[in-house]
Structure formats: C-alpha cells, structure tokens
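Here the structure is laid out as structure tokens; the discussion comes afterwards.
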Amino acid sequence: MSKEKFEESIKNILEYVGEDVTREGLVKTPERVRKAYEFMCSGYKEDPKEIIEKALFTSTNDEMVVVKDIEFYSQCEHHMLPIIGRVHVAYIPDGKVVGLSKIPRVVNVFARRLQIQEQMTEQIAEALNTHLKPKGVAVVIDARHMCMEMRGVEKICSTTVTSALRGIFKKEKKTKDEFLSIISSSSIK
Ligand SMILES: Nc1nc2c(ncn2[C@@H]2O[C@H](COP(=O)(O)OP(=O)(O)OP(=O)(O)O)[C@@H](O)[C@H]2O)c(=O)[nH]1
Ligand SMILES: [Zn+2]
C-alpha cells in the first residue's frame, strides 16, 4: 500500500471523530501516524533466525540463563491499542549460548506487530527453541492491555500473565520452579 493511501485513511479517521483536518496541529498528523506505525509494526520485516544465528557461541555452561524484565510495547490485534509489559526469558544451553542482547531483539520482533499476548509468548519461545536449540526454554509475559483499561471493561489494576515452556522446563518441575522463583520479584511498574 502507498504512503498516500495510509495517510488518507488517517485523515478519514480524524474526520470521523469530528476533527478539522486542516487545522495547524493536525496537518502533519497523518504523516506522523504513518511513521509511528512503520516503527510499531517493523517486526513484520525482521527475521528472528538471522538475529539469533548471528550471535551463537560455543559454551560448556549448562545452567539456566535468565534475562528478565525485558520491557516491551505491542498492540492488540483486536483494537490496535497498546499492550505494555515485561517479558522474562530463560533457557538451558546445550553446547551453545546466544548473545544476550539478541533476546530482547527477538522480543521486539514479535512485539512490533499486531498481537495477542498468548501468541507473542509462543512465538518467542518457538524462535529460541528452533534457532538456539537449548535443552529447554521458558517465556513468561506479564502485561497490561490498554483495551481493558482505556475503554471496554475499564480495569486498570489487572495484568495478564502468559507462559510458554519447552523441553526441560516442561518436563521438570524443579527447573520450572527455579525459573519462577527467579522472576517472582518482578512486577509491572
Ligand atoms: N486472549 C486474548 N484476548 C485479548 C488480547 N488482547 C485483547 N483481547 C481481547 O479480545 C477480545 C475481543 O472481544 P470482542 O467481544 O470481539 O470485542 P469488544 O466488544 O471490543 O470486547 P470488550 O473489550 O469486552 O469490550 C476482548 O475480550 C479483549 O479483551 C490478548 O492478547 N489475548
Ligand atoms: Zn484489544
């Protein structure tokens, strides 16, 4: 789709809500919104395989690696309103570790799309499981949904927690419990 068509759609929305699209503050709004959407949906153009495989390092470490409190912004696919939260990721290496920064990068790939939280949780776990091939991977997301706060049911104190477990995290309660105890101190601010 062309940039012009996108911007025309935003003008239509502004008119629909009763705005004067020619007033000073709004003249550049369609262009600004387009650029914001290009950024917020840039994850569609990114490949998690490339991100992970670029920074794999041989390691004999086989203890749990946890990257917690990775903040993210996404948008729900139902209302296109923000989902704001934190992702906690753990894996147990099997001969290879991944560059630490690549984990938040993978989170961004899936956050910067239209999402539902359950799918985003699965996609992060699946990408790491497939391309890092660890003994196990665990992903927990704790998030606020603006479609449940700013409108609709209007519940501002409620957060949603989702998880995806693979390999040893699924099989061994001890491993899962260790992960849960490491992330238990985290909460959304
Ligand atoms: N499972 C799941 N549901 C979500 C997520 N984000 C938003 N939703 C829900 O998607 C549902 C869409 O329901 P609909 O009844 O079609 O939409 P609606 O009339 O706007 O619903 P209300 O939000 O209840 O006013 C709502 O219950 C939202 O809370 C998500 O990440 N996961
Ligand atoms: Zn929603």
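Readers should treat all values here as calculations from the given coordinates under stated rules, not as data from a laboratory. From a predicted model like this one, the values you see are computed outputs, not experimental measurements. Using ideal geometry, Cβ is built from the backbone for each residue, glycine included, and neighbour counts are taken over all protein chains shown.
The average projected area of the range 1-84, computed from the convex hull of its Cα atoms over all directions, is 8.9 nm².
Between V27 and S2, take the C-beta separation as r, use R0 = 22 Å, and let me know the FRET efficiency to the nearest 0.05.
On the way: r = 19 Å, r/R0 = 0.87.
Efficiency, from the Cβ-Cβ distance: 0.70.
Given N residues in the chain, what is Rg(Cα) / (2.2 N^0.38 Å)?
On the way: Rg = 19.5 Å, N = 189, 2.2 N^0.38 = 16.1 Å.
For the chain, the normalised Cα radius of gyration is 1.21.
The peptide list 120-129, 32-41, 160-169, 73-82, put in order of mean Cβ contacts within 10 Å with the highest first, becomes 120-129, 160-169, 73-82, 32-41. Over the chain, DSSP H runs of length four or greater, each weighted -39,500 (n - 2.57), average out per residue to a 222 nm ellipticity of -12000 deg cm²/dmol.
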